[in-house]
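J.: Here you go, one structure.
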Amino acid sequence: MNLWEAQSEIKKLLSHVKPSDVRGLLTWIRCSDEFDDFLSNNQTKVLKNISEDLRGSLPPDAMFSSEVTAYNKMQQCSRPTIHVDSFLYDEDQVDFLCEDGTMSRSYCLTCGSHRTAPLDFISHSFSISELCFLFENVLPDLSGQLVVDVGSRLGTVLYGGHVFSSASQLIGLEINEEFVKLQNNILQKYKMTDRIQVLHTDVLLQNVLLQKADVLILNNVFEFFMEPSEQVRAWRFVMENFRKKGSLLVCVPGLQESLNSLQVKNI
């Protein structure tokens, strides 16, 4: 049932209500908190549907072959590391993929041996539960606010902000054209273009936008996609331009951890 059909059904229902009870029913619909759980469940369902659509458009590791730097960075990790996108795969889905052989949680220390060690998993996306917690518990009311997500990738922060917050505008910055197309396809299908926009651009070209932003989200955005010198330049750019009074920075890993890894004293 679509929106128009649902509205028609509600009008039909109201036509059968005793005239003296119509006002009371409408007041109950407007003011009752009994619909909160239904609304929350519906929001989560929308994100799960988006997740399912994205899984059908991406390889199991949710990475494009054009992400050369990210692949190289993963190979340089001290232990074997694979990308498992938290928005696409929850723990149950990872278990299922491991059972059918699509994915593994461990690697062999000696080829042909029973000696194994766990693989490290990384994700460049928030999970659905993390998005819900971020927008409903961590951030304040975002009515009238501009949220900017740097390195929007699959668009998960944008979709989460659309269903879990009242932010007036959510803008994603993504340098990879393949991910931009992927996000725009989802925005069109789920009719989210009213508040969401994805820009195919480098954050270093968006000083004016950063100066206007009320919330800036950086989720694992530089470390695996830039060389250290480029990361330093990016952080300096962010700190020079994201200075609006009262603005909020959401940074994963934490800001101090991100800067310490670069071994730079002053940024």
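J.: When you scan the range 241-267, how many residues do you find that are in contact with a Leu (Cβ under 9 Å, 6 or more places away or on another chain) and at pLDDT 90 or above?
T.: Residues in the range 241-267 being in contact with a Leu (Cβ under 9 Å, 6 or more places away or on another chain) and at pLDDT 90 or above: 9 in total.
J.: Here is a further query. Between a residue in the range 219-240 that is within 20 Å of Phe126 (Cβ to Cβ) and assigned by TED's automatic domain parsing to the domain that holds Val148 and any residue that is among the aliphatic types (A, V, I, L, M) and at pLDDT below 80, which pairs come within a Cβ distance under 6 Å, given they are 6 or more apart or on different chains?
T.: Hits for this filter: Phe224/Ala70; Phe225/Ala70.
J.: Exactly one condition in (1) in contact (Cβ under 8 Å) with a residue 40 or more places away in the chain; (2) touching a Ser or Thr at 6+ places or on another chain (Cβ under 9 Å) is not met by Lys189; state its number.
T.: (2)
J.: Condition first: aliphatic (A, V, I, L, M), out of contact with any Asp or Glu (no Cβ under 7 Å at 6 or more places or on another chain) and in contact (Cβ under 8 Å) with a residue 60 or more places away in the chain. Now tell me which residues in the range 158-186 satisfy that.
T.: Passing the criteria: Val163, Leu182.
J.: Is it fair to say Leu173 is within 27 Å of Lys245 (Cα to Cα), at pLDDT 95 or above and within 15 Å of the chain's Cα centre (by Cα)?
T.: Criteria met by Leu173.
J.: Within the range 164-208, which residues are among the hydrophobic types (A, V, I, L, M, F, W, C) and surrounded by fewer than 19 Cβ atoms within 10 Å (Cβ to Cβ)?
T.: Ile175, Leu199, Leu204, Leu205, Val208
J.: If Leu187 meets every condition in (1) closer than 30 Å to Asn41 by Cβ; (2) more than 15 Å from the chain's Cα centre (by Cα) apart from one, which number is that one?
T.: (2)
J.: Would you point out which residue out of Val221, Val203 is over 21 Å from Val138 (Cα atoms) and β-branched (Val, Ile, Thr)?
T.: Val203
The values are calculated or read from the model by the stated rules, or taken from the named source; none is laboratory data. Since we're looking at a predicted model, the values are computed, not measured. Positions of Cβ are backbone-derived with ideal geometry, glycine not excepted, and every protein chain shown enters the neighbour counts.
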